Amino acid sequence: KVVALQAPVSDRESLTLSPGSNQSAEHLTHAKSLLSQNKGNEMMPRTAFWAPITASRYVSLFDIGGSDDYFSSDFTNDELAKRLGHVGDVGRRESSGLRLLAAFSKKDEYVPESVERDVLLERLVLAMNNGFDGGGGESTAVVVARGLMLENGNHNLSKGEGDKEEFVEAVGKLMELATTSDVQ
């Protein structure tokens, strides 16, 4: 089993780059209020997001620690491990064979400039591997997640010469590795 995460970015952090982001705290308060009234399926105002979105989905994506807030750079390593460590747990089960590629684009327009992309990718992969990075004396541990930094790519890989091909090639190699019995 192979999973490829192309552009694992924080929706919460990307919201700060959107037009009208100065209203995001107000929208979050409104969404939480709707949830507290058991109205999570109510639609948010059109100004809250570029697409129609319910209050529960808004909180899930944009609240700190929301149920879909997985890739935020302001999480501690422990918080990332709590959110992503299940990947390593599943991948190390004898029958799983799960392997994951996290491909991050250095020029992703949905990542704030203040985020050190290389550092974040390294932290995400380490969290997915439960702190195991493939080095040292832990030869029995399996590296489940691997990172790939695409140097020139944007969020959807429509820009950045050669990055689409590099991504596809990396997924193909991971699929080949997943089919062998000695995947490490």
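The values are calculated or read from the model by the stated rules, or taken from the named source; none is laboratory data. These figures come from a predicted structure and were not determined experimentally. Cβ placement follows ideal geometry from the backbone for every residue including glycine, while neighbour counts extend to all protein chains displayed. Just the protein is used for accessible areas: all its heavy atoms, side chains included, with ligands, DNA and RNA removed. Shrake-Rupley method; radii C 1.70, N 1.55, O 1.52, S 1.80 Å.
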Seminar exercise, completed: In the range 6-38, residues that are of a type in the set (A, V, I, L, M, F, W, C) and open to solvent by less than 50 Å² (accessible area, probe 1.4 Å) total 6
Exercise. How many residues are part of a loop (DSSP other than H, G, I, E, B), at pLDDT 90 or above and open to solvent by 20 Å² or more (accessible area, probe 1.4 Å) when one looks only at the range 139-184?
Worked result: 8
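Does D89 qualify as being of a type in the set (D, E), touching a residue at least 24 places away in the same chain (Cβ under 8 Å) and over 24 Å from A170 (Cβ atoms)?
Values: of a type in the set (D, E): yes; touching a residue at least 24 places away in the same chain (Cβ under 8 Å): yes; over 24 Å from A170 (Cβ atoms): no.
So D89 fails the test.
Has the range 15-30 got any residue that is under 30 Å from A178 (Cβ atoms) and touching a residue at least 24 places away in the same chain (Cβ under 8 Å)? Talk me through it step by step, then tell me what you get.
Taking the range 15-30 and keeping what is under 30 Å from A178 (Cβ atoms), we get none.
No, there is no match, as no residue in the range 15-30 is under 30 Å from A178 (Cβ atoms) and touching a residue at least 24 places away in the same chain (Cβ under 8 Å).
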For this session: Please indicate, with yes or no, whether at least one residue in the range 45-54 is small (G, A, S), in contact (Cβ under 8 Å) with a residue 40 or more places away in the chain and closer than 24 Å to S158 by Cβ.
Result: no
Seminar exercise, completed: Note on the range 45-80: residues part of a helix (DSSP H, G or I) and either open to solvent by 40 Å² or more (accessible area, probe 1.4 Å) or not small (G, A, S) (or both) are R46, T47, S56, R57, Y58, V59, L61, F62, N77, D78, E79, L80
